[in-house]
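Q: Structure provided below as structure tokens; questions to follow.
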Amino acid sequence: MLSKEDREYLLQLARKSIRDYFEGKETTSDRKFGKKGVFVTLNEDGRLRGCIGFVSPIYDLSEGVIKAARAAAFGDPRFPPLSKEELDKIKIEISVLSEPRPIKPEDVIIGKHGLIIEYNGYSGLLLPQVAVEWNMNREEFLDAVCEKAGLPPGFWKSKGVKLYAFEAEVFGEG
């Protein structure tokens with residue numbers, strides 16, 4: 001668990017990284033947290049505006065936050081790049097991930113587990129808070145991760161599908 005001060009620092013770092021991008025500056029951090037998987041989600045007026053991250057712990061958490069914040073703001077293919085005028089309108093949420101581990105569908109716990117599905121080159125990921133925000137039950141959540149991967153609902157029951165779960169420490173602005 002991160003301290004309140006660490007959470008505030010990481011949220012400020014994510015916002016600074018986006019602001020620095022507009023000014024053509026690199027963002028760095030002198031604080032180290034260890035390598036962690038992380039996602040940064042941007043919301044504007046309660047609606048998703050961008051969400052990108054790294055499942056695997058390939059970066060120190062501070063570096064991962066910097067990279068994921070910029071990618072969510074300017075590289076999420078579902079949305080146009082964030083404009084400078086939108087910067088003060090967005091709310092930032094950070095999800096720090098545990099290592100994914102194989103899971104059986106019947107062991108998925110709504111609100112606790114995020115999901116990754118993999119099958120023959122297809123993959124999809126949903127953060128744990130998605131099921132809660134959309135009031136999904138287990139089967140709906142499993143169907144939704146299939147759809148995210150470009151697979152039909154119910155495909156999680158198919159032979160050869162790999163299903164992984166992870167947990168997330170989630171915190172945000174406001």
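Q: Could you please find all residues in region 57-90 being closer than 17 Å to V170 by Cα and either of a type in the set (F, W, Y) or surrounded by fewer than 16 Cβ atoms within 10 Å (Cβ to Cβ) (or both)?
A: Within region 57-90, none qualify.
Q: Select from region 156-166 the residues that are in a loop (DSSP other than H, G, I, E, B) and surrounded by 14 or more Cβ atoms within 10 Å (Cβ to Cβ) and list them in ascending order.
A: Quick first cut of region 156-166, residues in a loop (DSSP other than H, G, I, E, B) only: 158-161.
The answer is V161, and nothing else.
Q: Kindly check whether there is at least one residue in region 140-155 that is surrounded by 15 or more Cβ atoms within 10 Å (Cβ to Cβ), farther than 20 Å from E169 by Cα and basic (K, R).
A: Yes, there is a match, as at least one residue in region 140-155 is surrounded by 15 or more Cβ atoms within 10 Å (Cβ to Cβ), farther than 20 Å from E169 by Cα and basic (K, R).
Q: Next up: For region 21-56: of the residues being surrounded by 15 or more Cβ atoms within 10 Å (Cβ to Cβ) and among the aromatic types (F, W, Y), which is nearest to the chain's Cα centre (by Cα)?
A: Out of the qualifying residues, it is F39.
Q: Quick one: is T41 farther than 23 Å from I116 by Cα, modelled with pLDDT of 95 or more and of a type outside the set (A, V, I, L, M, F, W, C)?
A: Values: farther than 23 Å from I116 by Cα: no; modelled with pLDDT of 95 or more: yes; of a type outside the set (A, V, I, L, M, F, W, C): yes.
Criteria not met by T41.
Q: I've got another one for you. Restricting to region 38-66, give me the number of residues that are closer than 14 Å to I92 by Cα and not charged (D, E, K, R). Before the answer, list the steps.
A: Taking region 38-66 first, the residues closer than 14 Å to I92 by Cα are 38-53, 65-66.
Going one step further and asking which of them are not charged (D, E, K, R), we end up with 38-43, 46, 48, 50-53, 65-66.
Number of matching residues: 14.
Q: What pairs come out if I take residues in region 130-151 that are under 11 Å from L115 (Cβ atoms) and pair them with residues that are of a type in the set (S, T, Y) and surrounded by fewer than 17 Cβ atoms within 10 Å (Cβ to Cβ) whose C-beta lies under 6 Å away, six or more apart or interchain?
A: A149/Y122
Q: If you take the residues in region 91-119 that are of a type in the set (G, A, S) and surrounded by fewer than 17 Cβ atoms within 10 Å (Cβ to Cβ), which one is farthest from E44 (Cα to Cα)?
A: Here the residue is S98.
The values are calculated or read from the model by the stated rules, or taken from the named source; none is laboratory data. Please read these numbers as outputs of a predicted model, since none were measured by experiment. Neighbour counts are summed over all protein chains in view; Cβ atoms, including those assigned to glycine, are modelled from backbone coordinates with ideal geometry.
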